[in-house]
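Since the structure comes first, as structure tokens, the remarks are kept for the end.
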Amino acid sequence: MNKFFTVLTLMGILLLPYSVSAATPQAGKPVQDKPEKAVDRVTVVSVGLEGSDSIGARLGTRLKERFNQSSLFQLNDDEEKDVPKLYLLLETKPEFASRPAVGSVYAVCWGFKQGKGYLGYLLARDLGTVQAEDVDSLVDRFIERTDGIAAKYGNLWK
């Protein structure tokens, strides 16, 4: 048994230079010094908001801010520009009419429109409730879902 470990150790020592040279880059190939761009798509997005409650207004405003900050999306609410875009239609109402600051009920639809004068396509929808402290996490979920929809239906923009 002791002889087996001695042979195994000796083989490891003899093969060590080969494993180190395989891990180092070859002298003939240049090493890239900057990362490659992973995503080469930018989706034009338009956000429409309907509602009268404060939580819903905060949700819509925060959603527009995040789209504007993101490098994956270009926020474009100009109806005159005739470009294909992903529409996000958000409607909110107070969860309880007597206590509007408690929560908000939302309905959101993702649609695609080729341009002015074209019939739009409904791509996805969602419905739920949100409290004031959960607005940011819901916005993150909407952004992720929008990116997934843009990737899934990316052939529509071509």
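The values are calculated or read from the model by the stated rules, or taken from the named source; none is laboratory data. Being a predicted model, the structure only gives us computed values, none of them experimental. Every residue, glycine among them, receives a Cβ derived from its backbone with ideal geometry; neighbour counts consider all protein chains shown. Surface areas here come from the heavy atoms of the whole protein model, side chains and all, with no ligands, DNA or RNA. Shrake-Rupley method; radii C 1.70, N 1.55, O 1.52, S 1.80 Å.
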- prompt: Just checking, which of 137, 46, 52, 71 is of a type in the set (Ser, Thr, Tyr) and surrounded by 15 or more Cβ atoms within 10 Å (Cβ to Cβ)?
  reply: 46
query: Cβ-Cβ below 8 Å, separation at least six or inter-chain, first residue in segment 130-158 and more than 17 Å from residue 92 (Cα to Cα), second of a type in the set (Asp, Glu) and open to solvent by less than 60 Å² (accessible area, probe 1.4 Å): which pairs?
result: 145/126
- request: Would you point out which residue out of 38, 22, 27 is modelled with pLDDT under 65 and closer than 20 Å to residue 149 by Cα?
  value: 38
Verdict on residue 100 being open to solvent by 100 Å² or more (accessible area, probe 1.4 Å), out of contact with any Cys (no Cβ under 7 Å at 6 or more places or on another chain) and at pLDDT below 90: no
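Look at segment 84-123 and say how many of its residues are among the aliphatic types (A, V, I, L, M) and farther than 17 Å from residue 143 by Cβ.
Taking segment 84-123 first, the residues among the aliphatic types (A, V, I, L, M) are 86, 88-90, 97, 101-102, 105, 107-108, 119, 122-123.
Filter again for farther than 17 Å from residue 143 by Cβ, leaving 97, 101-102, 105, 107, 119, 122.
Of the residues in that region, 7 qualify.
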- request: Working carefully through the options 66, 58, find the one that is outside any strand (DSSP E or B), open to solvent by 100 Å² or more (accessible area, probe 1.4 Å) and modelled with pLDDT of 90 or more.
  value: 58
- prompt: Can we say residue 138 is more than 26 Å from residue 99 (Cβ to Cβ) and of a type outside the set (S, T, N, Q)?
  reply: no
message: Tally up the residues in segment 74-89 that are open to solvent by 60 Å² or more (accessible area, probe 1.4 Å) and out of contact with any strand residue (DSSP E or B) (no Cβ under 6 Å at 6 or more places or on another chain), please.
response: 5
- prompt: Looking at this structure, is residue 115 surrounded by fewer than 17 Cβ atoms within 10 Å (Cβ to Cβ) and either touching a strand residue (DSSP E or B) at 6+ places or on another chain (Cβ under 8 Å) or within 17 Å of residue 46 (Cα to Cα) (or both)?
  reply: yes
- prompt: Does residue 111 count as in contact with a Lys or Arg (Cβ under 6 Å, 6 or more places away or on another chain) and more than 14 Å from residue 60 (Cα to Cα)?
  reply: no
